[in-house]
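K.L.:
Mind having a look at this structure? Questions to follow.
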Amino acid sequence: MYNREIFSQIKESLKPNKVLVLYGARRVGKTFLLEKLTKELGEEKVKFVTGEDKWTRKELSSESIKNLQRFIGDNEFLIIDEAQKVPSIGLNLKLMVDHISGIKVLASGSTSFNLAKELGEPLLGRKVLLTLFPLSAKEFIDDEGVENYKADIESLLIFGSYPEIQSMNSRQEKIQYLSEVINSLVINDIVYLEEVKNTEKLLDILIMLAFQLGNEVSLSEIGSKVGLHKDTVAKYLSLLEKVFIIKKVRGFSRNLRNEITKNSKYYFYDNGIRNSVINNFNDFGYRNDLGQLWENYIIMERIKRQKYNKEMVNNYFWRTYSQKEIDWIEEKDGNLKAFEIKYSKNDFKIPSDWKKAYPDSSFELINGDNFLEFIL
């Protein structure tokens, strides 16, 4: 029952003869928000359907203006959950917003690739895109308070931030839930929509990414270890990103010849999903990856903040072939900000190569003392 940051943006973005597209992984709370929105708008004004329903798919893929008008009836709002499962959804939504005066449409999807492909050209200039993430630190703090948040930070680093997880008391219940989420994302979304047959290879890649969290990823190296061509690995990574399991971050380079840009880093949208992939839910005292968990959590919370605040920021990491590196680089309005993220509170000296190449950039160490300012 957390109040989600994005809810006010959803209401503000519903405009006559426009389509609001709400992306987000399964179980992050999209359907709950859509039901809440329906109640606030007035159920007599809203037609709420799901693309998982066979009859709905048939009606919404008719490509007939008269049939679509009849389907909507006198409703002012059309909400379509799991819209990516409706054939030709982009063309049919275009027909609606072009020919049904005043209609406001919200289409949600748990997979960005299929829905984005369908909506791309037909809805050019006719849509607004929003993304819902697992629970943010701000949402947790607004509901539970900062002291309870700090008391639960270890649980968030291990079991993640999916809303339902927060109401579970049993360790085993949380583990089972996260396993089901992975099966849902991989099997239901990637395999169903893209007909990926080799799920074992896909899971092998996920496991490798989990162990390489925060490090550069070589497609050739992964390919040789799982027995796939690097182009196939690249395709699988793209699919994993488009169902909101992983997030790609590229290397930054402007001035130095030895800056690394070929390889990328991959972070997990949720710590719990990452730990479930490698089946490691050990307590803090029995882990050797606390630095990785902390970096992943802080970076994803920063990305949530950027998205929810509609900040136009380019995100990178920075590294040279001489092993000089900085975890997080932000480029905004021509300005560079560099951040090093440490679980411990040890000091970190900014690399001289960076300082010389980008003297006008700022630098900050993010640790347990100041991380809330960074993610809130």
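K.L.:
Among Ala83, Val146, Val46, pick out the residue whose Cα is farthest towards the positive end of the charge dipole of the stretch 29-177, where Lys and Arg carry +1 and Asp and Glu carry -1 on C-beta, about the Cα centre.
P.N.:
So the residue we want is Ala83.
K.L.:
To the nearest 10 degrees, how steeply does helix 89-99 sit against the main Cα axis of the chain, on a 0 to 90 scale?
P.N.:
Computed tilt is about 50 degrees.
K.L.:
Hey, another quick one. State to the nearest 20 debye the size of the charge dipole of the chain about its Cα centre, where the only charges are +1 on K and R beta carbons and -1 on D and E beta carbons.
P.N.:
Around 1060 debye, computed over the chain.
K.L.:
DSSP beta bridges in the stretch 181-375, what fraction antiparallel, as a percent rounded to 5?
P.N.:
70
K.L.:
Using packing as a proxy for protection, rank 199-205, 235-241, 328-334 so that the peptide with the highest average count of other Cβ atoms within 10 Å comes first.
P.N.:
235-241, 199-205, 328-334
K.L.:
Nothing charged except the Cβ atoms of Lys and Arg (+1) and of Asp and Glu (-1): what's the magnitude of the dipole of the stretch 181-375 about its Cα centre? Round to the nearest 20 debye.
P.N.:
400
K.L.:
Still on this structure, I have one more. I need the peptides 276-288, 18-30 ranked by packing, meaning the mean over residues of other C-beta atoms within 10 angstrom, with the highest value on top.
P.N.:
The peptides rank, most packed first, as 18-30, 276-288.
K.L.:
Ok, one more. Does the stretch 324-364 classify as rounded, prolate or oblate by the C-alpha gyration tensor (a ≥ b ≥ c root eigenvalues; a/c under 1.5 gives rounded; else a/b over b/c gives prolate, otherwise oblate)?
P.N.:
Because a/c hits 1.5 or more and a/b fails to exceed b/c, the stretch 324-364 counts as oblate.
K.L.:
Among 243-250, 5-12, 31-38, how do they line up from the highest to the lowest mean number of other beta-carbon atoms within 10 Å?
P.N.:
Per-residue mean Cβ counts within 10 Å order the peptides as 243-250, 31-38, 5-12.
K.L.:
Let me ask something else about it. How far is helix 230-242 tilted off the main Cα axis of the chain, in degrees rounded to 10, range 0 to 90?
P.N.:
Its long axis makes an angle of about 60 degrees.
K.L.:
Which of rounded, prolate or oblate describes the stretch 180-286 when judged by the alpha-carbon gyration tensor and an a/c cut-off of 1.5?
P.N.:
It comes out oblate by the Cα gyration axes.
K.L.:
Same structure again: For Cα pairs less than 8 Å apart in space and 6+ apart in sequence, what is the mean separation divided by the residue count of the chain, i.e. the relative contact order in percent?
P.N.:
Dividing the mean separation by the residue count of the chain yields 15 percent.
K.L.:
Against the longest alpha carbon principal axis of the chain, how many degrees, from 0 to 90 and to the nearest 10, is the axis of helix 199-211 turned?
P.N.:
Value to nearest ten degrees: 40.
K.L.:
Going by Cα centres, the stretch 310-347 and the stretch 1-68 are how many Å apart?
P.N.:
37
K.L.:
Take Met1, Met168 and order them by how many other Cβ atoms sit within 10 Å, fewest up front.
P.N.:
Met1, Met168
K.L.:
Give the shape of the stretch 259-321 as rounded, prolate or oblate, defined through the alpha-carbon gyration tensor: a ≥ b ≥ c are the square roots of its eigenvalues, a/c under 1.5 means rounded, and otherwise the shape is prolate if a/b is larger than b/c and oblate if not.
P.N.:
oblate
Coordinate-derived values only; no laboratory data. Please read these numbers as outputs of a predicted model, since none were measured by experiment. Counting neighbours? That spans all protein chains shown, and the Cβs are built from the backbone with ideal geometry, glycine included.
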